[in-house]
Amino acid sequence: MHLILFSIISTVLLVCAVGVVISRNIVHSALFLLFALISVAGIYLVLLTEFLAIVQLLIYGGAIVIVILFALMLTRNEEYPRIQNNKLWPIAGVLAVLVCITMSVSYFQSGAIQNVPNTIAPAGVKSLGSSLFTTWAIPFELASLVLLVALIGAIVIARSDKDGN
Amino acid sequence: MLELIHFNILSVLLFSVGLYGVLARKSAILIIMAIELMLNAVNINFIAAAAFNHGNGLFTNFDGHILTIFIITIAAAEVGLALALILRIFRNKATVNVDSFDIMKL
Amino acid sequence: MQYFWLIPVISFIAFIITSLIGNKILKQAWIFPMLAIVLGLGIYCFGLTEYLQSRFDLEHCFRSSVTGMVGCNYSVEWFTAGVRGADSVNSFLGFTVDPLSLSVAGLAIFVALMVQIYSIGYMKDDPRFAWYYSVQALFISSMILLALSDNFLLLYVAWELVGLCSYLLIGFWYEKPEAKEAAKKAFTVTRLGDVGLLIGILLIWIEVGSFNMSDLFTQVGSGEIASWTIFSISGLLFLGAMGKSAQFPFHVWLPDAMEGPTPVSALIHAATMVAAGVYLVARAYPLFVQSEAMMIIVSCVGLITAIGAALICCVSVDLKRALAYSTISHLGLMMLSLGAFGYTAAILHLLAHGFSKALLFLGSGNIMHSIDDLNINRMGGLKSVLPATTILFCIGALSLAGIPLLSGFWSKDEVIVSIVHNRNIVFAISSMVLVFLSGFYMIRLIIVPFFGSPNRDYSHAHKLPFVMLAPMGVLAVVVVLFGWIALYMPGAPASFGTFLFYSHPKNFHLEPDIAIITLVITLLSFGFGYLIYVKRFSIFQNMRIKARLIIEIVENKYYIDELYQILVDKLVLPAAGLVALFDRILVNDVGINGPGYVTRTVGSIIRHHITGRIYVYLALMTTGMIVLGIIWLGIVIL
């Protein structure tokens, strides 16, 4: 049952991902990205991690894709159809395949991965939360600081200059 | 039966697709989208490892999930900053083609 | 007594304050160093009283099984070497208060106070008045640290600090090229000895596993250390002592050091710093007495230095240089005494010589201040111009010549007694020659400048301010009275010999025959001096002409400086050139510029193939990552 679900979702995910990188229309790419991210949330659900699935939907599916669409809107010009693949794209393909092969082989070689149990442990929101606010409290607070700095930085970088240039 | 290696392979495939996107495309915004794909590949790996590990071994039960939360946080910050930068460059150069972002060249 | 550490700290604070704000209060820059040293003297006096009264009752004080003296140790943990807990070695930062350190620290503080008062008048119009006083404060701080430290590492730090102060003060008038050269010479020559000291200290660390002096002496006493190790360690320490105390063949720096201000010569190059070498040997005495060969070396070096320097002193025409040679000679005498098991005698002579020689140097400072000349052949008849200085100078000179009841008499007598008892006839006769020579050059330094007919016009002589004469008066009183502690010392069981001793206390006892012999020899030398310099007998003039060659050799200081110059020119500089060549070609050109050149060349070739496009860099990065991954996989699979 899980295997079937996983197969369907991962097929959708990979198809959408390929769609993102090869689509000729940039808006289609963004929509493919949305679907891909939603499928990742589905993968999380298969892994019995409902909280992270929700977070994925909200932040990736909601916030990030919207921000990317906004950026597309603000930079929208007629050059998008013209700028597709650069000259290196065959090399890029070869490199990607090589990475894929190397990493797969290393996964199959790894003893640690074969020795894990075949059952999935559900991650309850409650215990996840207690872990986040006890063991990981300080990094959690620091992450908020990172977000604040990124926010301010984004505003400073993106705003118009005073003299209207 | 569902095993950890399935998720690993899924993650590797997703990562490679993202890598191809980063390397092969010219549009800066598309490169960012591809980076998001790569980040998600990593996240899948983390959560799968955490879910199958049951808290044995090197990592305790929730470390993978927590790290994923942090990655999502950082990714949000990164996308915000990166798009701000792209907007800025677009305002100056009227293009998002990374071919023209070569002002660092000597 | 537990507040002794405050003395160097206060002086160090005075150094910092004075060197920072010195220019603002130029005229009164002496205030802080003086305040510091007065405070230091107060602390010292309280500590001395406490030690003399209650040394057996105090918590930190116990009788040393090696020296037999009661020492008080106060220490805090300094640093830990090695893994803490497992096989680590703790090093303690602390000071020890025993008769030896009390004596040397007392000498340093007292003479320093007198010299600083004197300097108010002497250095008054100097543009770097504040700098002078701040370096003086730093010197006091490090000298007290040197005297008090209970481990060799701290001692080495203080040792180098006093060397630094000496360098700074010799080169105080660095506009003069001679002063600059003299400062460099002093620093370099003492450095040669210091290298030996450093290696010796490291050897101690290797052998004992601790820098602490009492640990070393305990291990030496229990016979755990091989005799040749003891010999090499004590030899290396003695090398340091030779450098600092200007023993042959390292003596060449001290006469040139007279280029510094005269109060500096009085404090550093007569009373305290040059005595540090003697102090070091006395401090490490339990080590030295274990090696009979080393003791003989110490006495031989002392004897050679003493006689050689005394001979030069007899012909030197520069007053300060003559006094410097006299200092070298007396330091040699102290070393000789230490080598002849005259521990108490050596330290007593160190103190007596410190006070007397400081007085003499301040007297020569007076002459310098009023007539601005130091060549004794151009003086003569100074007694009518500087009557007070004449009396004070005579007291100091006669004390060092060994006239009874002055402090030099007691200490010199004890030194001679120990030499006669513990060394063979050669040493005994040589020490008698030394007594003759020191009497002769002292009477010469009295007669030629102060008495006789004036050789120049003194109408322009400056008046001496009271602030310069008062400290000399105090010093003269000390010189007259100090020697009596050889007979009776308040607070000690009986005399100085029961207060400061090695292994067993012994009272001072005047051996009439030796005392009379030395006295007769001294008076004989005075008679000779009288005949030569006052009566000017022609037979001596003839002798002078006949012995022309010998006198010329002595006047040229046995050509040792020239020999060193040749050695440096022919040996050291070519060797240094080789090293420099190695440094320039191998280290600099190949080692440092080589990688830089390769990087630059490769960079300038590659630079033209760089497009500035992100995806190219990314592709290269990915390629590198893949290569690394494949290598890793290869290692894992194979």
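The values are calculated or read from the model by the stated rules, or taken from the named source; none is laboratory data. Bear in mind that the values here come from a model prediction, so they are computed numbers and not experimental data. Cβ placement follows ideal geometry from the backbone for every residue including glycine, while neighbour counts extend to all protein chains displayed.
Of all residues in segment B:9-31, which are of a type in the set (A, V, I, L, M) and within 7 Å of chain A (Cβ to nearest Cβ)?
Selection gives B:9, B:10, B:12, B:13, B:14, B:17, B:19, B:23, B:24, B:29, B:30.
When you look at residue A:153, is it in contact with a Leu (Cβ under 8 Å, 6 or more places away or on another chain) and not assigned by TED's automatic domain parsing to the domain that holds residue A:54, yes or no?
Against the criterion (in contact with a Leu (Cβ under 8 Å, 6 or more places away or on another chain) and not assigned by TED's automatic domain parsing to the domain that holds residue A:54), residue A:153 qualifies.
Filter segment A:7-46 down to residues that are in a helix (DSSP H, G or I) and of a type in the set (Ser, Thr, Tyr) and give me whichever is farthest from residue B:76 (Cα to Cα). It would help to see each step written out before you state the result.
Taking segment A:7-46 and keeping what is in a helix (DSSP H, G or I), we get A:7-22, A:26-46.
Add one more test, that the residue is of a type in the set (Ser, Thr, Tyr), and what stays is A:7, A:10-11, A:29, A:39, A:44.
Working: A:7: 28, A:10: 23, A:11: 26, A:29: 19, A:39: 18, A:44: 19 Å.
Across segment A:7-46, the extreme among qualifying residues is A:7.
Please work out which residue is surrounded by the most Cβ atoms within 10 Å (Cβ to Cβ), limiting yourself to segment B:91-106 and to residues that are of a type outside the set (Asp, Glu), within 7 Å of another protein chain (Cβ to nearest Cβ) and closer than 19 Å to residue B:22 by Cβ. Give the derivation first.
Of the residues in segment B:91-106, the ones of a type outside the set (Asp, Glu) are B:91-98, B:100-101, B:103-106.
If we keep only those that are within 7 Å of another protein chain (Cβ to nearest Cβ) too, we end up with B:95-98, B:101, B:104-106.
In the following step, the residues that additionally are closer than 19 Å to residue B:22 by Cβ were identified as B:95-98, B:101, B:104.
Working: B:95: 18, B:96: 26, B:97: 18, B:98: 20, B:101: 18, B:104: 10.
Among those that are of a type outside the set (Asp, Glu), within 7 Å of another protein chain (Cβ to nearest Cβ) and closer than 19 Å to residue B:22 by Cβ, it is B:96.
Which strands (runs of 3 or more DSSP E) does segment C:52-152 wholly contain that include 2 or more residues that are in contact with a strand residue (DSSP E or B) (Cβ under 8 Å, 6 or more places away or on another chain), touching a residue at least 24 places away in the same chain (Cβ under 8 Å) and within 30 Å of residue C:218 (Cβ to Cβ)?
Details: elements: C:61-63, C:70-81, C:89-97.
Qualifying strands (runs of 3 or more DSSP E): C:70-81, C:89-97.
Between A:94, A:65, which is more than 7 Å from every other protein chain (Cβ to nearest Cβ) and surrounded by 20 or more Cβ atoms within 10 Å (Cβ to Cβ)?
Details: A:94 fails: surrounded by 20 or more Cβ atoms within 10 Å (Cβ to Cβ).
Going through A:94, A:65 in turn, just one is more than 7 Å from every other protein chain (Cβ to nearest Cβ) and surrounded by 20 or more Cβ atoms within 10 Å (Cβ to Cβ): A:65.
Does segment C:341-357 contain any residue that is surrounded by fewer than 24 Cβ atoms within 10 Å (Cβ to Cβ) and farther than 16 Å from residue C:317 by Cα? Give the derivation first.
Keep residues of segment C:341-357 that are surrounded by fewer than 24 Cβ atoms within 10 Å (Cβ to Cβ), which gives C:341, C:343.
If we keep only those that are farther than 16 Å from residue C:317 by Cα too, we end up with C:341, C:343.
There is at least one residue in segment C:341-357 that is surrounded by fewer than 24 Cβ atoms within 10 Å (Cβ to Cβ) and farther than 16 Å from residue C:317 by Cα.
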Item to check | Residues being part of a loop (DSSP other than H, G, I, E, B) and under 29 Å from residue C:481 (Cβ atoms) - total across segment C:377-394 | outcome: 2
Next on the checklist: Among the residues in segment C:399-406, are any β-branched (Val, Ile, Thr) and outside any helix (DSSP H, G or I)?
Outcome noted: yes
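Just checking, does segment C:283-299 include any residue being assigned to a helix (DSSP H, G or I) and within 30 Å of residue C:126 (Cα to Cα)?
The initial filter retains those residues of segment C:283-299 that are assigned to a helix (DSSP H, G or I), namely C:283, C:285-288, C:292-299.
Among the residues that remain, those that are also within 30 Å of residue C:126 (Cα to Cα) are: none.
Within segment C:283-299, none of the residues are assigned to a helix (DSSP H, G or I) and within 30 Å of residue C:126 (Cα to Cα).
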Checklist outcome for this item: Note on segment C:611-630: residues farther than 18 Å from residue A:89 by Cα and surrounded by 14 or more Cβ atoms within 10 Å (Cβ to Cβ) are C:625, C:629, C:630
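What about residue A:4, is it assigned to a helix (DSSP H, G or I), surrounded by fewer than 21 Cβ atoms within 10 Å (Cβ to Cβ), facing another protein chain (nearest Cβ under 10 Å) and not hydroxyl-bearing (Ser, Thr, Tyr)?
Details: assigned to a helix (DSSP H, G or I): yes; surrounded by fewer than 21 Cβ atoms within 10 Å (Cβ to Cβ): yes; facing another protein chain (nearest Cβ under 10 Å): yes; not hydroxyl-bearing (Ser, Thr, Tyr): yes.
Judged against the criteria, residue A:4 is a match.
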Next on the checklist: Return the residues of segment C:422-465 that are without any contact (Cβ under 8 Å) to a residue 24 or more places away in the chain and part of a helix (DSSP H, G or I); say none if nothing qualifies.
Outcome noted: C:425, C:426, C:428, C:429
Item to check | Test result for residue C:367, over 19 Å from the mean Cα position of the chain (by Cα), assigned to a helix (DSSP H, G or I) and β-branched (Val, Ile, Thr) | outcome: yes
Checklist entry - Restricting the search to segment A:23-38, which residues are modelled with pLDDT of 90 or more, surrounded by fewer than 23 Cβ atoms within 10 Å (Cβ to Cβ) and either within 17 Å of residue B:15 (Cα to Cα) or among the basic types (Lys, Arg) (or both)? => result A:32, A:34, A:35, A:38
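Is it true that residue C:564 is in contact with a helix residue (DSSP H, G or I) (Cβ under 8 Å, 6 or more places away or on another chain) and within 30 Å of residue C:308 (Cβ to Cβ)? Step through it out loud before you land on a result.
Details: in contact with a helix residue (DSSP H, G or I) (Cβ under 8 Å, 6 or more places away or on another chain): no; within 30 Å of residue C:308 (Cβ to Cβ): yes.
Against the criterion (in contact with a helix residue (DSSP H, G or I) (Cβ under 8 Å, 6 or more places away or on another chain) and within 30 Å of residue C:308 (Cβ to Cβ)), residue C:564 does not qualify.
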Checklist outcome for this item: (1) under 28 Å from the mean Cα position of the chain (by Cα); (2) surrounded by 24 or more Cβ atoms within 10 Å (Cβ to Cβ) all hold for residue C:428 apart from (2)
Checklist outcome for this item: Of the conditions (1) more than 7 Å from chain A (Cβ to nearest Cβ); (2) assigned to a helix (DSSP H, G or I); (3) at pLDDT below 90, the single one that residue B:38 does not satisfy is (3)
Item to check | Qualifying residue in segment B:45-52 (condition: in a helix (DSSP H, G or I), under 22 Å from residue A:39 (Cβ atoms), more than 7 Å from chain A (Cβ to nearest Cβ) and among the polar types (S, T, N, Q)) | outcome: yes
Checklist outcome for this item: Filtering segment A:111-129 down to residues that are among the small types (Gly, Ala, Ser) and either more than 9 Å from chain B (Cβ to nearest Cβ) or touching a Pro at 6+ places or on another chain (Cβ under 7 Å) (or both) yields A:111, A:124, A:129
Checklist entry - Where in segment C:212-268 are there helices (runs of 4 or more DSSP H), lying wholly inside it, with at least 1 residues that are under 15 Å from residue C:199 (Cβ atoms), out of contact with any Phe, Trp or Tyr (no Cβ under 9 Å at 6 or more places or on another chain) and of a type outside the set (Lys, Arg)? => result C:227-244
